[in-house]
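What follows is a short report on a single structure.
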Amino acid sequence: MNRLIVIFLILALACFGTAGCGTKDKLEEKAAEKLTEQMLEQGDGVSDVDIDGDKITIKGDDGEEVIIGATEWPKSELGKSIPEFSKGKFAGIVETSNYLLVNLEEVEQSDAVAYIEKNKPNFTLDNYESKSEDMISWYGANDAGVKLTLTLSDTSFSIMLLMDESE
């Protein structure tokens, strides 16, 4: 529960801290980043916070690392477990050791459908697919305990991977 509160606090601070970035100079931006890092590091279970532009990395006392806001395809093992999706524009990423959420905007339906089809052979368990006028959602799992959900809503595409820790 504390971890969720910390994550939402980070997101709120990041949103408010970047408002008007075009008028801030680098010194003010770095000071705001440092203050935010210090505030977040005081949270329970947080050992280190690093803010680098739009990317926030939080390291927990237990070694867990949460990355929020990156704007490129994740280089983690979980990110490497599926093909990179190179269409659209990154809207945000949340990444831990067993969870990955990539949100993209300006994605064409044909590109999303092609990506779903590309992933189907590797996620053959518990498949589910739903289609409506403006939404497509597909779910699959594999023997390695990885669960993949792909959802296109209008031109927003989300890619969610979850590694089952019990596997």
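Using the structure shown, select from LYS75/LYS120; LYS87/LYS118; LYS80/LYS131; LYS75/LYS131; LYS55/LYS89 the pairs with a Cα to Cα distance greater than 20 angstrom.
LYS75/LYS120; LYS80/LYS131; LYS75/LYS131
How would you order 121-130, 100-109 from highest to lowest mean count of nearby Cβ atoms within 10 Å?
With the highest mean Cβ count within 10 Å placed first, the list reads 100-109, 121-130.
How would segment 78-149 be classified by its alpha-carbon gyration tensor: rounded, prolate or oblate, with rounded meaning a/c under 1.5 and the a/b versus b/c comparison settling the rest?
oblate
Select from segment 65-107 those trypsin sites (Lys or Arg not before Pro) which occupy a DSSP coil region and have at most 12 other Cβ atoms within 10 Å, ordered by residue number.
LYS75
Evaluate the charge dipole of segment 53-127 about its Cα centre and quote only its size in Debye, nearest 20, assuming +1 on the Cβ of each Lys and Arg and -1 on the Cβ of each Asp and Glu.
220
Any read-out appearing in this document is the output of simple, stated calculations on the displayed coordinates, not a laboratory observation. As the structure is a computational prediction, the values presented were derived from the model and not from experiment. Cβ sites come from the backbone with ideal geometry, for glycine too, and all protein chains shown count toward neighbours.
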